[in-house]
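Chemist: What follows is a structure written as structure tokens; I'll ask about it next.
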Amino acid sequence: QSVLTQPPSASGTPGQRVTISCSGSRSNIGNNYVYWYQQLPGTAPKLLIYKNNERPSGVPDRFSGSKSGTSASLAISGLRSEDEADYYCAAWDDSLSGGVFGGGTKLTVL
Amino acid sequence: QLQLQESGPGLVKPSETLSLTCTVSGGSISSSSYFWGWIRQPPGKGLEWIGSIYYDGSTYYNPSLKSRVAISVDTSKNHFSLKLSSVTAADTAVYYCARETSLRSNWFDPWGQGTLVTVSS
């Protein structure tokens, strides 16, 4: 049972817009920044979004993040086949005094 | 370009100590701006933060693993290390090292490629 809650799966067709949610509490998402990681099959996770909605250099602007209260979302527009991956949200949890991750969402491009 | 590479035994016996090293290249581990962390991923499962260290040796650990974890740093070799004691099959996972961009953030970039450690007799 992960501290941050994500749907286990999501899907969309090429060109569509897909949203992945991440639900937490005041001690994690509510009080701290949210980060998103993309894990392509058989590879290490890669930072996709930092500080709720900032994109690292090289990440396409098709990817965007948002946060409201104790929830966050990752949106992917203009879906492409290469976006098929696992996506994880992450934050610091003040109550646990530790970093926490969501359980991950497997995105399938139909 | 900063790169991290994990190394260590791929097989550890139950009750023994898992030891891994992360070698940093393309940058100094002594940079005052960053921390260095370990994260693991059991096969087919999600990510779990293990702990992080600053170049001066200051550490912070996942409370659920704290009694068994020790992370150390060797600035002369530009690497940091993980020791996890009294391992069981539940500790079988891919272990990643990564740079943590700010204190107590869970903001990791970049990551090493990961190394699979299997706990089995």
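FYI, it's all coordinate maths here, none of it is from the lab. This is a predicted model, so every value here is computed, not measured. Cβ placement follows ideal geometry from the backbone for every residue including glycine, while neighbour counts extend to all protein chains displayed.
Chemist: How many Cβ atoms of partner chains, on average, are near each residue of B:52-65 if near means within 10 Å of its Cβ? Kindly include the intermediate steps, with their values, before the conclusion.
Modeler: Details: counts 2, 0, 0, 0, 0, 0, 0, 0, 3, 2, 5, 4, 2, 1.
Per residue, the number of nearby Cβ atoms from other chains is 1 on average.
Chemist: Please state the charge dipole magnitude for segment A:1-66, taken about the Cα centre, from unit charges on C-beta atoms (+1 on K and R, -1 on D and E), reported in debye and rounded to the nearest 20.
Modeler: In debye, rounded to 20, segment A:1-66 gives about 40.
Chemist: Let me ask something else. Can you tell me which of A:84-96, A:41-53 comes out highest on packing, and rank the rest after it, using the mean Cβ neighbours within 10 Å?
Modeler: Output ranking for A:84-96, A:41-53: A:84-96, A:41-53.
Chemist: Let me ask you something else. Say the cut-off is 27 Å between C-alpha atoms; which of B:K45/B:K83; B:K13/B:K45; A:K51/B:K83; B:K13/B:K66; A:K106/B:K77 go over it?
Modeler: A:K51/B:K83; A:K106/B:K77
Chemist: For a label point 7 angstrom out from the Cα of A:N53 toward its Cβ, which stretches of segment A:1-35 have the backbone nitrogen within less than 13 Å?
Modeler: Hits in segment A:1-35 for A:N53 at 13 Å: A:34.
Chemist: Roughly how crowded by other chains is peptide A:77-90, in terms of the mean Cβ count from those chains within 10 Å of each of its Cβ atoms?
Modeler: 1
Chemist: For segment B:1-94, which chymotrypsin sites (Phe, Trp or Tyr not before Pro) pass both filters: DSSP loop (anything but H, G, I, E, B) and at most 10 other C-beta atoms within 10 Å?
Modeler: Answer by residue number: there is no such site.
Chemist: Moving to a separate point now. Between segment B:27-51 and segment B:65-121, how far is it from one alpha carbon centroid to the other, in angstrom?
Modeler: Spelled out, the Cα-based centre of one part sits 6 Å from the other.
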